[in-house]
Amino acid sequence: MGSGSWELSAGERRAYAEDGFFIRLRSFGDAEVAALCAAAEQAVERASAAAAGGGAAQYEIDGNLYCEATGTTVQFEHRTGSRTIRVLEPFHHLDPLFESLIDDPRLVEPMRGLVGSSRIALFTDKLNLKRPREGSRFRWHQDSPYWAHCCPHVDRLPNVMLSLDDASERNGCLRVVRGSHTRGMLPGLEGEGRLGPLFTDPHGFDLSQQVPAEMPAGSLLFFSPHIVHGSEPNLSDAARRAMVLTYQPGGHPMFKVDAKREAG
Ligand SMILES: O=C(O)CCC(=O)C(=O)O
């Protein structure tokens, strides 16, 4: 990384092509992370209140509860009866700090290199909340099969995860499977409910290549839309919250939102 520039280095470009991911440690400082966490908790509180109100549409998929509230799909924790929020997607409209994150050069400049376009736009964004002793696992999956039905440029949807807490194996950090992105969309699971086909069949990739994305708060993990990834439950006393933003070439509408959001 050149000084004052957030552009991709040759090594990062190579890692993204060969491994499907790379990490930049501590790109955001403690005060910035604290402000993002405070805004995230407020957004979660508002979404919880809206979801508890009578007007919000609730539904179940494969026994797990979801709700549409505050312009967001709210996913609840998988324990029966839990009203703990697990994921908000999208969340960028819930606070001006999140809106400015979309345009932050620490995300946008490397993303221009990964998307392969100087003009880029937001595709989708998720706030993932792995609460202490409660945060459930994410099964092995690729993101591309979720998006392929509505997006013609699914190879050009790189993700960046901003870690809001120190992430380690203890609190269920994300795991990525090195090199699993190179064969496009892999076979999903059969006979495991409606979402089964979106979980990657473990016979289709090399589990020994999994890498725990351990990183301090404020770090960025850039990863391919085709990489197999997942995470274990959070059995620790420490939260493991993260924001995941996905970019695309400019001029295209977002996922789930009928609007365009150019970035940078
Ligand atoms: O935060 C996690 O552990 C999983 C995130 C993930 O898989 C995703 O956002 O697609």
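The values are calculated or read from the model by the stated rules, or taken from the named source; none is laboratory data. Computed from a prediction, not measured in an experiment: that's the story for all the values here. Please note: Cβ atoms are built from the backbone with ideal geometry, for glycine as well, and neighbour counts cover all protein chains shown.
Within region 112-130, which residues are away from the ligand (no atom under 11 Å from the Cβ) and either modelled with pLDDT under 95 or within 17 Å of HIS92 (Cβ to Cβ) (or both)?
ILE120, ALA121, LEU122, PHE123
Are any of the residues in region 97-119 within 22 Å of ARG241 (Cβ to Cβ) and within 13 Å of the chain's Cα centre (by Cα)?
No, region 97-119 contains no residue that is within 22 Å of ARG241 (Cβ to Cβ) and within 13 Å of the chain's Cα centre (by Cα).
Here are the criteria: (1) away from the ligand (no atom under 16 Å from the Cβ); (2) out of contact with any Phe, Trp or Tyr (no Cβ under 8 Å at 6 or more places or on another chain); (3) of a type in the set (Gly, Ala, Ser). Tell me which single one SER82 does not satisfy.
SER82 satisfies every listed condition except (2).
Assuming SER48 fulfils every condition listed in (1) in a loop (DSSP other than H, G, I, E, B); (2) over 23 Å from MET215 (Cα atoms); (3) not β-branched (Val, Ile, Thr) apart from one, which condition is it?
Only one criterion in (1) in a loop (DSSP other than H, G, I, E, B); (2) over 23 Å from MET215 (Cα atoms); (3) not β-branched (Val, Ile, Thr) is unmet by SER48, namely (1).
Could you check region 223-237 and list, in sequence order, the residues that are touching a Leu at 6+ places or on another chain (Cβ under 9 Å) and either assigned to a helix (DSSP H, G or I) or surrounded by fewer than 23 Cβ atoms within 10 Å (Cβ to Cβ) (or both)?
Listed by number, the residues that qualify are HIS226, GLY230.
Return a yes/no flag: does region 3-10 have any residue that is modelled with pLDDT of 95 or more, surrounded by 11 or more Cβ atoms within 10 Å (Cβ to Cβ), among the small types (Gly, Ala, Ser) and not in a helix (DSSP H, G or I).
yes
Which condition from (1) away from the ligand (no atom under 13 Å from the Cβ); (2) part of a strand (DSSP E or B); (3) of a type in the set (Val, Ile, Thr) is the one that THR246 breaks?
THR246 satisfies all of (1) away from the ligand (no atom under 13 Å from the Cβ); (2) part of a strand (DSSP E or B); (3) of a type in the set (Val, Ile, Thr) except (1).
Inspect region 231-250 for any residue being farther than 21 Å from ARG86 by Cα and within 15 Å of the chain's Cα centre (by Cα) and give the result as yes or no.
Taking every residue of region 231-250 in turn, at least one turns out to be farther than 21 Å from ARG86 by Cα and within 15 Å of the chain's Cα centre (by Cα).
Tell me, please, whether a residue that is of a type in the set (Asp, Glu), in a loop (DSSP other than H, G, I, E, B), touching a residue at least 24 places away in the same chain (Cβ under 8 Å) and in contact with a Pro (Cβ under 7 Å, 6 or more places away or on another chain) can be found in region 207-221.
no
For region 104-117, check the following and say yes or no: at least one residue is loosely packed, with under 13 Cβ neighbours inside 10 Å and at negative phi.
No, every residue in region 104-117 fails to be loosely packed, with under 13 Cβ neighbours inside 10 Å and at negative phi.
For LEU129, state whether it is in contact with a helix residue (DSSP H, G or I) (Cβ under 9 Å, 6 or more places away or on another chain) and outside any strand (DSSP E or B).
Answer is no for this residue.
Being over 23 Å from HIS203 (Cα atoms), within 13 Å of the ligand (Cβ to nearest atom) and surrounded by fewer than 16 Cβ atoms within 10 Å (Cβ to Cβ) is the filter here; which residues of region 131-178 pass it?
Within region 131-178, GLU169 is the sole residue that qualifies.
Is it the case that GLY191 is surrounded by fewer than 16 Cβ atoms within 10 Å (Cβ to Cβ) and either within 16 Å of the ligand (Cβ to nearest atom) or part of a loop (DSSP other than H, G, I, E, B) (or both)?
So GLY191 passes the test.
Being touching a Phe, Trp or Tyr at 6+ places or on another chain (Cβ under 8 Å), free of Cβ contacts under 8 Å to residues at least 24 places away in the same chain and among the small types (Gly, Ala, Ser) narrows it down to one residue among ALA15, ALA57, ALA38; which is it?
ALA15
For region 11-40, which residues satisfy the criterion of being loosely packed, with under 15 Cβ neighbours inside 10 Å and assigned to a helix (DSSP H, G or I)?
The answer is GLY11, ARG14, ALA17, GLU18, ASP30, ALA31, ALA34, ALA35, ALA38.
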